[in-house]
Structures are given as C-alpha cells and as structure tokens.
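Asker: Pasting in a structure now, in structure tokens, and then I'll have a few things to ask.
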C-alpha cells in the first residue's frame, strides 16, 4: 500500500511540470499587453520599457518560466499587476470560500446521489425509480449557472429565504452549494443505480442467498459495498467538476473565491493571478484524482495486495 | 425515452434550419416602448432590455447553439480519433506520451480549458467553437484508443495483416470503422455538453458577444434585470435544458440500440 502511495505521489511531480509549462506558455500567448493597462495617460515609451523590465517581461519565455518557477517553488507567486498585492495573499484569501463551497457541494452530491441511486435500484422499474432517475437526468442536463439563477429567483427573490449574494454566513452558502451539488448528485445517482443493479445479478450474490442471508444484509453489506467502487472513482473526477462548477457559480452568486478571482483576472489580463489560480485549480483537480486512486486502492483488496 | 429525445433533437434541428421563417419579429429589432415587457399575446415570451422579442431571439439562438455544438464536437472527434488511433495502434512511448496528455486534459474541467483558450484566441463565436473543440477531444481519444487496443488483437486483423495489408489500410479500413459506435454515442451526448459550455462561456462574457442572440449571451445580459424581467433568463435556459435533455436521452437510447456495452465486454 505504501509503495503504491509513494509511486503515485512521485508521479505528481512531472504532472506539475507539464501543467505549469502549458499554463505558462498559453498565458503568454494571450494577446494584449498588461503593461499598457498600467501606464497612465501621458506616459512615454521609456516608461513602458522600464515597467516591462520591472515585471521581467523583457526576457525570453524560457527564462521567464525558470525565474517564475524558482519563485513559485519558494512560495512567491508574484505580484498582481492590477491589485498590486502578492498573489499568494489573494489565493489565501479566496481559497477558503472555494473550499467551503466545494466541500458543501461534494457532501450534498454524494449523500443525495447515493441515496437516490440506492432507492431506485432497490425499487427498480417502479414509480420511485422513475421519479428519482428523471431527477438525476435533470441534474445532469440542467446547466449549473442557469439552475443557480432559477434557485436565486425562487428562494431569494420570491420567498426571501436566502440572501441573493454574499458570503461568510451559512445562509449564503446554501444556495450556491445546492446548485453545484445537484448536478453532481444526478451523475452519482445514475452510477450508483447501474452498479447496484449489476451487482444484483452476480453469482456470488446468488450464493449469499443460498447461504440463507437476509436480503437486507446482502443489499447493505455485499451489494452496496461492491457497488461503491465506481462511485469512489467518480469522487476524484467530481472534484474537478465541482471546481469547474464553482468558477461559474461564484460569478452567479457574486461570491469571492478562486473562480471569481480567476475570471476578473482574465478580463483584466492580470497574468500572474491567472497563472497562479489556474495552476492552483488544476493541481487541486489532479490531487483529487490522486486521492480517489488511493481510496480505490484501499477499498479494493486486489489493488491493495498487489503492492504489499 | 429515446422517442422523446429524438423528437427534441429533430425539433431543435427544424427550428435551427427554419429560424428566419419562424421568428415572429426580427431578432435584432429594438422597441424602446416595450422594454422588459412580460410575456403577452403579441410577444409570447416577452421582450428583453432593448424591447427585442425574446421568442425570436430564442429561435435564432437555437441555430447558433446547434451549429456551435455540432462543429465543436466535430473538431473534438477529429482530434480524438487521430490521437487515439495513433496511441492505440503504435503503442509504446508514443502511446505513453499521448495517453498522459489525454488523461491530463480529460481530468481538467472543460470550462477552465475553454476559458483559457478563449482568452488566448479571443472572444467571438468562431474562437468559441475552436476552444470547445479543443476542450473535449480527450474523451474521444481515450475511447478510440481503448477500442483499437482491443480490436488490434482480433483474429481478422491478424488475417488482414498476413494478407499484406498496410498499416494505413488496417487502421482506416478495419480498425476505425469498427471502433466508431461508442464514439458516436459519446459525440451525441457531447453535442449537448458543448452547447452548455458555449452558453456558460457566453454567460461569463467570454463567448459570443452581443448582439449575437446566443442563449448564453442573452442570459448574461439578462442577469442585470433578473428581478425586473426574469423571463429573459428563464426561457433561453429552458430551451437549452430541453436541448441537452434531448441529446442525453437520444444518447441513452443509442447505447441500447448499438449495445455498446456488450460489444466492449465481448
């Protein structure tokens, strides 16, 4: 198990380099010069040269990358060109909001999704099954930002239960978290249902019945536990999806967060901020997949034993 | 379910083709006296902040969504098929490199890739198509690679090889045609996803720019008037939801028809 974890951890290093090179080069292909937006009216060409130098934008791209990488690895992500403050501070300020939203959405999508998946598998082809699967399908197909706006319209504007925007309180977290969570719940419900149904037909389940175990014990202890495996795999993928959802949902509800920060930096061509937040989000996705792999290995004795 | 899906897609295609004939008003005609008017007999879905007829704009938006969805999926599939078949067919180091890139791309939220690409190549409908196409190729590459890997070992491929067929013939005449069914299913659902991504980009102000009546751009400008004229948000969103639902139901039905799953396990 530990060898497996070590091997997977080491694999994160080259991935980080690939991602940072790609993000770095793409960002530097963005047309438009951030220096132009910094120069006030009446500034001369000499001012521009000086400022370009000050931000290190006059050097060649590989050199800029190495300088940036060295600083990045020592925890210096540079200065925001627009906000004039260290990018690290901006990330640290915005991160908790995104993490709160992501965790709340993750919890909602897993509990709701697994619950819906189990009841529709247990009551296959009944009314309950159809209703929960239509719900799940809607969860998958309704675009997150639109769902957010509609929920806002119903619960904030018409009913007045939740604030329209803002952050910090539990009340202001509920609507955004439900918005992101519902989409995830749909997919998880569908996967749980399918993998539960597949388990029902397995021969070892038949054997358990022959042994005289009750349906309840078989469903919970054997079917559900085995059916959970694909759900764990989804967990890792969902993390990326949830972060992607957070980007738009933070805008819909005007919440602070990494997504909001990334977008406003994109509009204003604030390279250092775009770069750092993209790498942050991307690494979060990769680490999510990594955690899911470890959980999967832990839950599946075949993988666990292979690395003993 | 499949019937509903087919009906929704056929409906969308018909609306997209005959958009100019179906629009009760011009989609760009402004009417200052009728700004943010609620749905009524003369304007079935109401009007937006410039007094433009919302129904006409939703109809015109169907055309944009459909074209963007189909074109971007074509780009994704093309890239995916090329990369996936090279990786699956040649194996070895090429496979390792291509698979790593595909896996990395695939694990990224598409919206992040698309946002970054739109920032690089500029906003507007054409760049949105390219950006979406480049965001979704990895899933097709993975599918095609998997299919080719499993088909490569088949006896009939060995027979073809022993008859002296070239790599090119084997790949394009035998392997690829037989790996297409899961790709077609994925591409069907993919059109729905691409439409949502286009709308999300539009909503974030990074997609089609006003006055283009793209559903996302319409909703983006509608958010400012959410409390005054919610219909500007509700109807384009409903149209989009039905569209995506259609492609998903149709995809589900295709899976059953083509029996993709059984084919994969056999």
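Here's the yes/no breakdown for (1) more than 10 Å from every other protein chain (Cβ to nearest Cβ); (2) surrounded by fewer than 24 Cβ atoms within 10 Å (Cβ to Cβ); (3) without any contact (Cβ under 8 Å) to a residue 12 or more places away in the chain; (4) more than 23 Å from residue B:131 (Cβ to Cβ):
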| residue | (1), (2), (3), (4) |
| --- | --- |
| B:196 | no, no, no, no |
| B:209 | yes, yes, no, no |
| B:220 | no, no, no, no |
| B:224 | yes, yes, no, yes |
| B:227 | no, yes, yes, yes |
| B:231 | yes, yes, no, yes |
| B:235 | yes, yes, no, yes |
| B:240 | no, no, no, no |
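Asker: Follow-up. Which ones in segment A:152-180 are more than 10 Å from chain B (Cβ to nearest Cβ), outside any helix (DSSP H, G or I) and within 21 Å of residue A:98 (Cα to Cα)?
Answerer: Result: A:162, A:163, A:165, A:166, A:167, A:168, A:169.
Asker: Can you tell me which residues in segment A:115-141 are surrounded by 23 or more Cβ atoms within 10 Å (Cβ to Cβ) and within 14 Å of another protein chain (Cβ to nearest Cβ)?
Answerer: If the condition is that a residue be surrounded by 23 or more Cβ atoms within 10 Å (Cβ to Cβ) and within 14 Å of another protein chain (Cβ to nearest Cβ), then A:136, A:139, A:141 are the ones that fit.
Asker: In this structure, is residue A:254 under 22 Å from the mean Cα position of the chain (by Cα), within 11 Å of chain B (Cβ to nearest Cβ), farther than 21 Å from residue A:115 by Cβ and loosely packed, with under 15 Cβ neighbours inside 10 Å?
Answerer: yes
Asker: Output the number of residues of segment B:198-207 satisfying the condition of being farther than 17 Å from residue B:110 by Cβ and either more than 9 Å from chain A (Cβ to nearest Cβ) or touching a strand residue (DSSP E or B) at 6+ places or on another chain (Cβ under 8 Å) (or both).
Answerer: The total comes to 0.
Asker: Among the candidates B:166, B:181, single out the residue that is surrounded by fewer than 22 Cβ atoms within 10 Å (Cβ to Cβ) and more than 22 Å from the chain's Cα centre (by Cα).
Answerer: Among B:166, B:181, only B:166 is surrounded by fewer than 22 Cβ atoms within 10 Å (Cβ to Cβ) and more than 22 Å from the chain's Cα centre (by Cα).
Asker: Give the residue that is surrounded by the fewest Cβ atoms within 10 Å (Cβ to Cβ), with candidates limited to residues of segment A:3-30 that are facing chain B (nearest Cβ under 10 Å) and over 20 Å from residue A:61 (Cβ atoms).
Answerer: Out of the qualifying residues, it is A:14.
Asker: Six or more apart or on different chains, Cβ atoms under 6 Å: show the pairs whose first residue is in segment A:224-239 and farther than 29 Å from residue A:100 by Cβ and whose second is at pLDDT 75 or above and in a helix (DSSP H, G or I).
Answerer: A:226/A:199; A:227/A:195; A:227/A:196; A:227/A:199
Asker: Of the numbered conditions (1) out of contact with any helix residue (DSSP H, G or I) (no Cβ under 6 Å at 6 or more places or on another chain); (2) closer than 26 Å to residue A:231 by Cα, residue A:123 fails exactly one; give the number of that condition.
Answerer: (1)
Asker: List pairs: first in segment B:114-131 and facing chain A (nearest Cβ under 8 Å), second part of a loop (DSSP other than H, G, I, E, B), Cβ under 8 Å, 6+ apart or cross-chain?
Answerer: Taking only residues 6 or more apart or on different chains, the pairs are B:115/B:204; B:115/B:206; B:119/A:30; B:119/B:206; B:120/A:29; B:120/A:30; B:120/A:31; B:122/A:31.
Asker: Still on this structure, please answer the following. Given the criterion touching a residue at least 60 places away in the same chain (Cβ under 8 Å) and either on the phi > 0 side of the Ramachandran plot or away from chain B (no Cβ under 11 Å) (or both), identify the matching residue among A:185, A:246, A:265, A:210.
Answerer: Being touching a residue at least 60 places away in the same chain (Cβ under 8 Å) and either on the phi > 0 side of the Ramachandran plot or away from chain B (no Cβ under 11 Å) (or both) holds for just one of A:185, A:246, A:265, A:210, which is A:185.
Asker: Name the one entry in A:195, A:214, A:264 that is closer than 30 Å to residue B:122 by Cα and either modelled with pLDDT of 80 or more or surrounded by fewer than 24 Cβ atoms within 10 Å (Cβ to Cβ) (or both).
Answerer: Within the list A:195, A:214, A:264, the selection yields A:264.
Asker: Okay, moving on. Answer yes or no as to whether residue A:160 is touching a helix residue (DSSP H, G or I) at 6+ places or on another chain (Cβ under 6 Å), closer than 24 Å to residue B:234 by Cα, at pLDDT below 85 and surrounded by fewer than 23 Cβ atoms within 10 Å (Cβ to Cβ).
Answerer: no
Asker: Mind telling me which of the residues A:112, A:149 ends up being more than 14 Å from chain B (Cβ to nearest Cβ), under 23 Å from residue B:109 (Cα atoms), in contact (Cβ under 8 Å) with a residue 60 or more places away in the chain and outside any loop (DSSP other than H, G, I, E, B)?
Answerer: A:112
Asker: Let me ask something else about it. Please verify whether residue A:197 is within 14 Å of chain B (Cβ to nearest Cβ) and assigned to a helix (DSSP H, G or I), treating the condition exactly as stated.
Answerer: In short, yes.
Asker: If you don't mind, another one. Against the definition (in contact with a strand residue (DSSP E or B) (Cβ under 8 Å, 6 or more places away or on another chain) and either away from chain B (no Cβ under 11 Å) or assigned to a helix (DSSP H, G or I) (or both)), how does residue A:272 come out, yes or no?
Answerer: yes
The values are calculated or read from the model by the stated rules, or taken from the named source; none is laboratory data. Note that this is a predicted model, so its numbers are computed, not measured. As a convention, Cβ positions derive from the backbone with ideal geometry for all residues, glycine included, and neighbour counts pool all protein chains shown.
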